[in-house]
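Readers should treat all values here as calculations from the given coordinates under stated rules, not as data from a laboratory. Quick caveat, the model's predicted, so the values are computed rather than measured. Heads up, the Cβs are rebuilt from the backbone with ideal geometry, glycines too, and the neighbour counts pull from every protein chain shown.
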Amino acid sequence: MATNISKLWTKDFILFTISNTFLFSGFHIFLPTLPIYVLNQGGTSTDVGLLSAIFVFCAILIRFFTDYGIKKWGKKYYLYIGCTLCFVAAISYILATTVPRLLSLRVVHGLGFGIATTLYATIVSDLIPKSRRGEGIGYFGLGTTLAMAIAPGLGVWIVDNFSFNNLFVVATISQIFALFCLSLCSLPADRSIHTVKQEKSSFMDKLVEKSLLYQAFLALLFGVCIGGILNFIALLAKEAHIANSGAFFLMCTICIFLSRLVTGRIFDRKGPAWVILPGAILFLLGFVVLAQSKSMTAFLAASALYGFGYGTIFPALQTWMFNLVTSDKRSAASATFYNMIDIGNGVGSVALGMLAGKLGYASIYWCSAVIMGVFLLSYIWFLVQEKYSSANNLDDIDAKS
């Protein structure tokens, strides 16, 4: 897709960002509310766990067929398919009066979400000039941050004051707006992947783009740490006798928003190390403070550190992956990034939950700090090796000349 070499705020970029925001709003509105709905329908805590597991599994599964979907329909229309599946799931939740029906709809929603998230990120990376990709991905992600900040609270408010049917209607309207904004974008149905000879690929090749194995490893570690926050922060607050755990997410969201206004430009001008290193340090410190939090002040300080770290690392890792591959491999890079985040989140939730059962919820965040220590040391080692390799290459060039 051709773009102006320096222009970022095009009509398509703006509409695409708004569309993505509405899609994620329709996802986040269900995070705190569907578990309640399952229990109201006679489900168990196991069913609540299946609700998340099925969704994540289907999102990962469908990304194995990203290349096929693009070859068959092109990026734009394959994205339409993903958004349409999300719409069908949202409107059909009204009819899901039993747990089996609800779980079957999570399959549909997971498949649609897996397609949509991969293609949104892929196409937006095509729209953004490479010289401003870090900045553009950061701005694009602000929509997701906004959805994460508003939609869960809105969902709980609707359930408390109205009904679950009203919740499903609002979520459906959000998906309709996502499709409407997408329809206004003048994007070609890019099937450029056709021009590249496709080699036979293994299971691992479909799960992870082989040229991004190291970056995928970092995303996996990052995903494990995210899972600890999303699933257990309210339980930690209860264990530490801290009221109003929702304040954590409010402070966190503000800091994510602020970080994304700045770090993208630093990435474009200085490179990934100038963003990922400080982000990893802030993220690690956030877990250390969180593990020791006994007051609301410490709790909010940890939230701020976590928010700045998350808001810095997430878009930087994603942009770094896009910059390392050719245009025909960006869909694979996008799938790799989200697969590793989702797998890390899922595996981390189970493993950290088992740890919490034996040692308490504070142990989750000590463990997360250790994992981020591995992330940080691994990245420092990568930078040292990269610098050493570059120095050797220069020496070889000097010797030959």
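Students often check this: by mean Cβ neighbours within 10 Å, which of 112-120, 151-159, 139-147 ranks highest, and how do the rest follow?
112-120, 139-147, 151-159
Under 10 Å, Cα contacts only: if you run a Gaussian network model on the chain, which one of Y78, Y37, Y310 comes out with the highest mean-square fluctuation?
Evaluated over the chain, the most mobile residue of the options is Y37.
Where in the chain lies the longest segment free of trypsin sites (Lys or Arg not before Pro) that are both loop residues by DSSP (not H, G, I, E, B) and have at most 10 other Cβ atoms within 10 Å?
Longest run free of exposed loop sites: 201-401.
Compute, for the stretch 11-189, the length of the dipole vector about the Cα centre, with Cβ point charges of +1 (Lys, Arg) and -1 (Asp, Glu) only. Units Debye, rounded to 20.
Charge dipole of the stretch 11-189: 520 debye, to the nearest 20.
Given Cα pairs under 8 Å that are at least 6 residues apart, what percent is the relative contact order of the stretch 11-189?
45 percent
Sticking with the crude label model, points 7 Å out along Cα→Cβ, report the distance from F64 to S327 in nm, one decimal please.
The two pseudo-label positions are separated by 3.0 nm.
At a threshold of 8 angstrom on Cα-Cα distance, excluding pairs fewer than six apart, so keeping six or more, what relative contact order does the chain reach in percent?
Answer for the chain is 23 percent.
Between N244 and I36, what is the FRET efficiency for a Förster distance of 22 Å, r being their Cβ-Cβ separation, to the nearest 0.05?
0.70
Within the stretch 104-132, name every residue whose backbone N is under 15 Å away from a label modeled 7 Å from Cα of V88 along the Cβ vector.
From the stretch 104-132, the list is 104-116.
Apply the Karplus parameterisation 6.51 cos²θ - 1.76 cosθ + 1.60, with θ equal to phi minus 60°, to every residue of the stretch 174-183 and state each ³J(HN,Hα) to the nearest whole Hz, in sequence, with x for glycine and proline.
4, 5, 5, 4, 4, 5, 5, 5, 5, 5
HN-Hα J couplings of the stretch 13-28 from phi, Karplus 6.51/-1.76/1.60, θ = phi - 60°, integer Hz, Gly and Pro as x?
5, 5, 5, 5, 5, 5, 4, 4, 4, 5, 4, 5, 5, x, 8, 5
Tell me, what HN-Hα J-couplings in whole Hz come from the Karplus equation 6.51 cos²θ - 1.76 cosθ + 1.60 at θ = phi - 60° for each residue of the stretch 329-336, using x for Gly and Pro?
3J(HN,Hα) across the stretch 329-336, in whole Hz: 9, 5, 5, 5, 5, 5, 4, 4.
Over 30 Å between C-alpha atoms is what I'm after, so list which of K210/K270; K7/K387; K11/K329; K7/K75; K294/K358; K71/K210 land there.
Listed pairs above 30 Å: K7/K387.
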